[in-house]
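The values are calculated or read from the model by the stated rules, or taken from the named source; none is laboratory data. Because the structure is predicted, anything quoted here is derived from the model rather than measured. Methodologically, a virtual Cβ is constructed for each residue, glycine included, from the backbone with ideal geometry; neighbour enumeration extends over all protein chains shown. Ligands, DNA and RNA are excluded from the accessible area calculation, which covers all protein heavy atoms including side chains. Shrake-Rupley method; radii C 1.70, N 1.55, O 1.52, S 1.80 Å.
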Amino acid sequence: MNLYQAIAGRRSSRNFKPTAVSDQQMARIWEAVRQAPSACNLQPWHFLVVKSPEVRARVGKVLQPWAMTAPVIVIALGNKNTAWRRDGQSYHEVDVAIAVEHLILAAAAEGLGSCWICAFNRLSMSKALGLGPEWDPVVAIPIGYADDPSPGTERKPLKEIVSEL
């Protein structure tokens with residue numbers, strides 16, 4: 001599958017088959033994430049793969065129940081202290097977003113479903129994971145074989161989203 005096919009075929013999956021994701025698939029996905037650009041190449045991110053039943057139970061109290069149907073749960077963290085800053089503001093969220101986009105497109109290229117979740121309480125997630133104050137849980141991404149055939153969503157026409165000046 002080429003990049004454009006992965007982009008066109010990517011869907012937000014909200015139910016997953018119990019089928020395991022292979023280590024080889026995850027290795028290719030992580031390599032795509034590793035290649036993501038970041039401001040000043042600071043790479044202020046870390047990704048937690050939630051596997052243990054104990055941690056999955058704690059994370060499951062913070063995320064929507066459907067997310068926990070995925071065999072792989074990734075929590076994308078941004079480091080507020082090491083990210084590029086302007087006017088006193090950390091841009092870790094932008095860098096993490098770019099890396100997560102690489103992750104979900106790579107997952108699509110592997111034939112896997114995923115969903116970008118930022119609708120959770122960050123403080124509760126931090127407590128569930130025992131994070132230090134420098135780490136911000138920006139996005140949660142369930143990954144697995146989709147079990148919810150989605151026809152996709154309607155996209156705005158280009159003339160509504162692109163203008164030439």
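Do we have any residue at all in the stretch 107-115 that's touching a strand residue (DSSP E or B) at 6+ places or on another chain (Cβ under 8 Å) and in a helix (DSSP H, G or I)?
So far as the stretch 107-115 goes, yes, one or more of its residues are touching a strand residue (DSSP E or B) at 6+ places or on another chain (Cβ under 8 Å) and in a helix (DSSP H, G or I).
Restricting to the stretch 38-60, name every residue that is of a type in the set (D, E, K, R), more than 21 Å from ASP147 (Cα to Cα) and open to solvent by 90 Å² or more (accessible area, probe 1.4 Å).
Answer for the stretch 38-60, where residues must be of a type in the set (D, E, K, R), more than 21 Å from ASP147 (Cα to Cα) and open to solvent by 90 Å² or more (accessible area, probe 1.4 Å): just GLU54.
Regarding LEU63, is this residue in a loop (DSSP other than H, G, I, E, B), closer than 20 Å to ALA146 by Cβ and in contact with a strand residue (DSSP E or B) (Cβ under 7 Å, 6 or more places away or on another chain)?
Criteria met by LEU63.
Between a residue in the stretch 12-34 that is over 20 Å from LEU48 (Cβ atoms) and any residue that is β-branched (Val, Ile, Thr) and assigned to a loop (DSSP other than H, G, I, E, B), which pairs come within a Cβ distance under 9 Å, given they are 6 or more apart or on different chains?
Between residues of the stretch 12-34 that are over 20 Å from LEU48 (Cβ atoms) and residues that are β-branched (Val, Ile, Thr) and assigned to a loop (DSSP other than H, G, I, E, B), the close pairs are SER12/THR153.
So which pairs qualify, if the first residue must be in the stretch 35-62 and over 22 Å from GLU134 (Cβ atoms), the second must be part of a strand (DSSP E or B), the Cβ gap must be under 7 Å, and the two must be at least 6 apart or on different chains?
Final answer for the pair search is ARG56/VAL50; ARG56/ILE73.
Inside the stretch 18-37, can you point out the residues that are open to solvent by 90 Å² or more (accessible area, probe 1.4 Å) and either in a loop (DSSP other than H, G, I, E, B) or touching a helix residue (DSSP H, G or I) at 6+ places or on another chain (Cβ under 8 Å) (or both)?
PRO18, ARG28, GLN35
Would you point out the residue of the stretch 1-17, among those that are open to solvent by 100 Å² or more (accessible area, probe 1.4 Å) and assigned to a loop (DSSP other than H, G, I, E, B), that is nearest to ALA67 (Cα to Cα)?
That would be ARG14.
Let me confirm something: among ALA119, ALA107, ALA128, which residue is in contact (Cβ under 8 Å) with a residue 40 or more places away in the chain, of a type in the set (Gly, Ala, Ser) and closer than 20 Å to GLU54 by Cα?
So the residue among ALA119, ALA107, ALA128 that is in contact (Cβ under 8 Å) with a residue 40 or more places away in the chain, of a type in the set (Gly, Ala, Ser) and closer than 20 Å to GLU54 by Cα is ALA128.
Search the stretch 142-160 for residues that are in contact (Cβ under 8 Å) with a residue 40 or more places away in the chain and pair each with any residue that is of a type in the set (S, T, N, Q) and open to solvent by 40 Å² or more (accessible area, probe 1.4 Å) when their beta-carbon atoms are under 6 Å apart and the residues are at least 6 apart or on different chains.
Listed pairs, sorted by first residue: TYR145/THR19; ASP147/ASN15; ASP148/ASN15.
When ALA83 is evaluated against the numbered criteria (1) surrounded by 18 or more Cβ atoms within 10 Å (Cβ to Cβ); (2) within 12 Å of the chain's Cα centre (by Cα), which criterion, by number, is the only one it fails?
(2)
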